1. Given a Förster radius of 45 Å and the C-beta distance between ASP145 and ALA123 as r, what FRET efficiency does 1/(1 + (r/R0)^6) yield to the nearest 0.05?
2. Starting from the exponent 0.38 and prefactor 2.2 Å, build the expected Rg for the range 86-126 from its residue count and divide its actual Cα Rg by it.
3. Binning every alpha carbon pair distance of the chain at 10 Å from zero, what are the percents per bin?
4. Could you pull out every one of the lysines with an alpha carbon less than 28 Å from that of LYS116, ignoring same-chain neighbours closer than 8 positions?
5. Viscosity 0.890 mPa s, temperature 25 °C: what is the translational diffusion coefficient of the range 86-177 from Stokes-Einstein with a Kirkwood Rh over Cα pairs, rounded to a whole number of µm²/s?
6. Out of residues 5 or more away from VAL81 or on other chains, whose amide H comes under 5 Å of its own, with H placed 1.01 Å from N in the peptide plane?
7. Counting only residues 5 or more places away or on other chains, whose amide H sits under 5 Å from the amide H of PHE39 once H atoms are built in the peptide plane?
8. Within the set of other residues whose C-beta is less than 12 Å from the C-beta of PRO18, count the net charge using Lys and Arg as +1 and Asp and Glu as -1.
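The values are calculated or read from the model by the stated rules, or taken from the named source; none is laboratory data. These numbers were taken from a predicted model, which means no experiment stands behind them. FYI the Cβ positions are ideal-geometry reconstructions off the backbone, even for glycines, and counts take in every protein chain you see. Keep in mind that these areas ignore ligands, DNA and RNA; they rest on the heavy atoms of the full protein, side chains included. Shrake-Rupley method; radii C 1.70, N 1.55, O 1.52, S 1.80 Å.
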Amino acid sequence: MSSNRSPMEGMFIAVTGPSGSGKTSICKALLETFPHLRFSVSLTTRQPRPAETDGKDYHFFTVDEFTRRVRAGEFIETASVHDHLYGTLRAPVDEALAAGRDVLLNIDTQGSRSVKALFPDCARVFILPPSWKVLEERLRARAQDGEEVIARRLANARGEVARLPEYDFAVVNDLLE
């Protein structure tokens, strides 16, 4: 990749895919394998899931606080996904990049497009499930969403997968190893 960045600046790796594709599991494995990566912890207005920790998995904020930060220009990207707001804070990303660290993002297709526009050298990876059936099974196995939410996530997944040609890499997540 060509770049206007200095040799000491890091780069972005944006991991994207439908809910249930395994983005979070893949990001965790990448962070364990490549300790130089810095994970950008996103902000969200949704409620934490049972195994999630504030500040580690996400920063959980009210809609009012999130909106205040948007108005203050604190984000490099924001998106509305499944009726919740998500975003990537500018300051920690800028600090990591300036220190020469590569930054790993776990974001949706909206955020990925925004990051690519700001950072054209961003490597974008789209995670695919092995099949639509497997995706639905994974969403149901989470046991955290009702039928309406699962149906919406599956419908949204079709639109997300349609954006696959925009990505640098596609990975089918059938075996994490």
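1. Step by step, r from the Cβ atoms, then E = 0.90.
2. Details: Rg = 10.1 Å, N = 41, 2.2 N^0.38 = 9.0 Å.
Working it through for the range 86-126, the quotient is 1.12.
3. Computed distribution, short to long bins: 9, 37, 39, 14, 1.
4. Reachable lysines: LYS23, LYS28, LYS56.
5. Working: Rh = 15.2 Å.
Using the Kirkwood radius from Cα pairs, D works out to 162 µm²/s.
6. TYR86
7. For PHE39, whose amide H was placed from the backbone, the distant partners under 5 Å are LEU104.
8. Working: positive: LYS23, ARG138, ARG152, ARG153, ARG158, ARG163; negative: ASP108, GLU136, GLU160.
Every neighbour counted, the sum reads +3.
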